[in-house]
Structures are given as C-alpha cells and as structure tokens.
1. What is the distance, in nm, between label points placed 7 Å from the Cα along the Cα-to-Cβ direction at V297 and at L221?
2. Could you list which residues have their amide H under 5 Å from that of Q281, counting only those 5 or more apart in sequence or on another chain, with H placed in the peptide plane?
3. Taking only Cα atoms, what is the 0 to 90° angle, nearest 10, from helix 2-23's long axis to the longest principal axis of the chain?
4. Name the chymotrypsin sites (Phe, Trp or Tyr not before Pro) in the range 237-310 that are in a loop by DSSP and that have at most 14 other C-beta atoms within 10 Å, would you?
5. Just want the ordering: E303, E309, from fewest to most Cβ atoms lying within 10 Å of their own Cβ.
6. Which FRET efficiency value, to the nearest 0.05, is calculated for N246 and K77 with the Förster distance at 45 angstrom and r the Cβ-Cβ distance?
7. Using the Cα centre of the range 21-331 as the reference point, and only Cβ charges (+1 on K/R, -1 on D/E), how large is the resulting charge dipole? Debye, rounded to the nearest 20.
8. In whole percent, what relative contact order does the chain give with Cα contacts below 8 Å and a gap of six or more residues?
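Computed from the coordinates by the stated procedures, all read-outs in this text should not be read as laboratory data. Fair warning: this is a prediction, and the values are worked out from it, not measured in the lab. Using ideal geometry, Cβ is built from the backbone for each residue, glycine included, and neighbour counts are taken over all protein chains shown.
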Amino acid sequence: MKLNYFIFTFLFGIILLGCSEKNSISFDDRFPINSLDQINDSIFITDGIGEFLMNDSVTLIVDNKQSKVFITDSDFKIVKTLNYGDGPTDIRHSYKAVLRSNKIYIADYGKMALSKFSYGGVWLETIKAPFDEFHSFIYEFGVDDEEKFYLQSFQTINPIIKINNLSEVEKEFGHFPEYESEAHNRAINTQNLIVTDNNNIINVFTSHPIIELHSNDGDLLNRLDLSDFFSFRTKKYEELLIQNPNFKNTLSFSYYNDITLSKNKLYLLFIGDYEIPNSNQVAIINLDDNSMKLERVINLKLEGAFFKEITINNETLWAYDKEGAELIQFKL
C-alpha cells in the first residue's frame, strides 16, 4: 500500500511539474501604438517586403516587389536606395540581410553573393558563395565579429558552413535530421542561422521544432526541443501528408514566418493554429548564459493582419503586415 502511494505521489508530482512548466510561460496581448504605410511622398510600403531590420542607427527594408533596398535612419528618413542591376552597387534579387559591426550584409540570390555596404549605403565588397547553392541565400545567415559567415549548405556533409571573405570554407558543422532522399532533405531540413552578440551560432530548423546553440567552432552548447509547444503545427504537417502522401519529398513546411535576435533574446514569429499560415504571435526565447528557455509569448492584436517580418529595437517591436502593406509598432 505504501509502495502504491509512493508511485501515485511520484507520478502526480511529475504531472504537476509539467503543468507548472507550461503555465510558467506568460501570454501577453500587445496592441499597435503606431503604423507606417509610406516612407515618404513617393515611397510606399508594398506587400512585397522580404526583409525588415532595425537598430539604433539604421533601418533596412528589402522590397522584392519593387526590386529595391531602402536604407533609412531610425526615423525612416531615406539615406540610400539600392536599385536593381548588375553593377557592384546594385542588387539583383535579395532575400535576407544582416546588420553587424556598422555594416549591412545583403544576400543576393541573383548574384550568388553577399554584398557588403556601409550604413550610408556605400558599397564596400562582394563576397561570392563558395559554390552555387541558392538555399544559402534564401534563409537566415550569420556574420560574426571577425567577419566569418555562416550559411546553410546541402553540398557538404554537415549543413552549416563557416566561410571567410575570400569564400573559403573554414569549417562545417551541425547535422541533418533524418531524411529519405535528397529532395526530401532539401524540403524539410533547411536551417536558419543567427549569430549572437558573443559570436555563438543559433540554428533554428525551419521544418522541425528544434533550436540549437553552437559555438563559432561548431561545438553544440545547447538544444531546445519545442515539440510540445508546437504540437498543433506538427499535427498540421502530418495531416497534409495523409491527404497528399506523394508530396512527402517536396512539401516544404515552416514553423515560423520570421526569426530575429535582440539583447540575448530570440524572437520567433510563429505560424499559428489556423487554416491559413497566419502569424500574430511571437515566442520569446531567453539565451542568458547559453541557456535556452521559452519564457513568454506575445499576441500582436490587430484584426485581419498577416505578419511576415518582425524587428526589435529599444523595447519596441515593429511588425510588417503583408495584408495591409504596413509597418506596425508594438511595445514589448
């Protein structure tokens, strides 16, 4: 009888612990405090924004619909516009960008290269990819303080490559989750890479609820499994495969619409439990002391919005609403 009581108490304690961990995540509503639908009298926000970044000195808006990159100050006053073209100062087809060490790095899929600019929009350098690999420039890439670049690759044994500004591969690390074919691997195993202030590498799997933290030498420092939190999204993927089993090797499936980092916190604009892949919630991961803990979720309260990009600056979150073609400001 005592043994049964002990087992019951032990199991009940585990259940309570699991509930308390889940309940320790706070869910907070945030309402808009400002919005912006045009930068000036002639430049409007469109529904084609592919990247939106901001810090105290500069704001970067990549508009794939207009084939332009707008560099503004923190008050959205135009500093420089980068236009479509083949010259070194031009952009062919940009996807992602990074602000680091007072430089702008733009991944240009059209040139298969990284273009480096000053905050004033002055072209500084073009860094070619070490091989033709378009996936390297569609997803998040990272740059550290020594100007080493971290890209996704499907042409190496390990998925993360570290290259220098001479396009030489210095290291490869990380791992591919299990896959059945090369097409299946490309469909489900893309990885987004962000470099922290202390030069560690955050690896966010696009199609798996997994986040890993590596040193810049490739050592695995920590791993966060968000399977329980994102179980609704995993269920959606499984339902799609049941409906269309032939799509297994080609179905690209994302958990997030955007990922950004600010002051040792990772912000995940995740796709909610909706019929359409909408996003109006941001999960915040605390990275202090190389820990990885989901601490809270904020709900961006704007009816009818379809948020695709977020950026953080000075305790403020700006979100790009694709549906309304606006930049919306929220207090964190």
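1. Calculated label separation equals 2.7 nm.
2. Amide H neighbours of Q281: F270, L300.
3. Taking Cα atoms only, the helix is inclined about 20 degrees.
4. Passing both the DSSP loop test and the Cβ count: Y274.
5. Fewest-to-most ranking of E303, E309: E303, E309.
6. 0.30
7. On the way: 30 positive and 48 negative charges, 55 e Å.
Taking the Cα centre of the range 21-331 as origin, the dipole is about 260 debye.
8. For the chain, the relative contact order is 15 percent.
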